1. In segment 25-79, which residue that is buried (at least 19 other Cβ atoms within 10 Å of the Cβ) and not in a helix (DSSP H, G or I) is modelled with the lowest pLDDT?
2. Quick check on residue 101: is it crowded, with 20+ Cβ neighbours inside 10 Å, at pLDDT 95 or above and touching a strand residue (DSSP E or B) at 6+ places or on another chain (Cβ under 8 Å)?
């Protein structure tokens with residue numbers, strides 16, 4: 001069985017987010033996020049594990065991974081053809097939410113090939129269940145969730161298709177469970193900031 005693959009999208013979005021949030025620390029992280037690796041997609045599991053391990057010790061961890069998730073969603077959505085975006089935009093809201101979350105699940109799989117994602121949409125709520133989260137692979141349990149990347153991916157993809165959403169980590173593999181569960185409120189209440197970020 002081959003080693004799990006780290007997607008170029010993850011490395012690029014983390015590199016950009018670190019540069020935006022912690023520009024003075026970018027040189028340190030570029031030891032692992034090499035520019036040639038970003039270009040050819042050759043950053044392996046060990047370097048990415050090192051990057052995430054060091055990021056977890058930073059005060060700005062949540063800001064970096066949240067921005068990286070939003071960037072990953074925006075860049076993925078920018079690659080969708082205008083015709084497909086228009087067709088998705090014409091779908092009924094409940095079906096649009098399903099399609100947007102499938103796109104979000106695809107991003108999660110693209111950033112780490114070992115991740116498995118299932119989605120569920122109800123009337124005003126949705127859920128992403130992420131198995132084998134690279135962000136949450138820790139040796140010791142943590143006091144706080146590490147899944148901000150997935151929350152940001154989900155809310156950004158939904159917001160891009162006109163569905164303001166507010167997400168939260170319901171369960172995190174690094175804290176209290178075998179999987180990471182992201183709960184998403186689709187009612188639109190209190191979701192203006194996430195919607196604006198996705199625009």
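1. 43
2. In short, yes.
The values are calculated or read from the model by the stated rules, or taken from the named source; none is laboratory data. Here the structure is a predicted model, which is why all the values come from computation and not from measurement. Don't worry about glycine lacking a Cβ; one is built from the backbone with ideal geometry, like all the others, and counts go over all protein chains shown.
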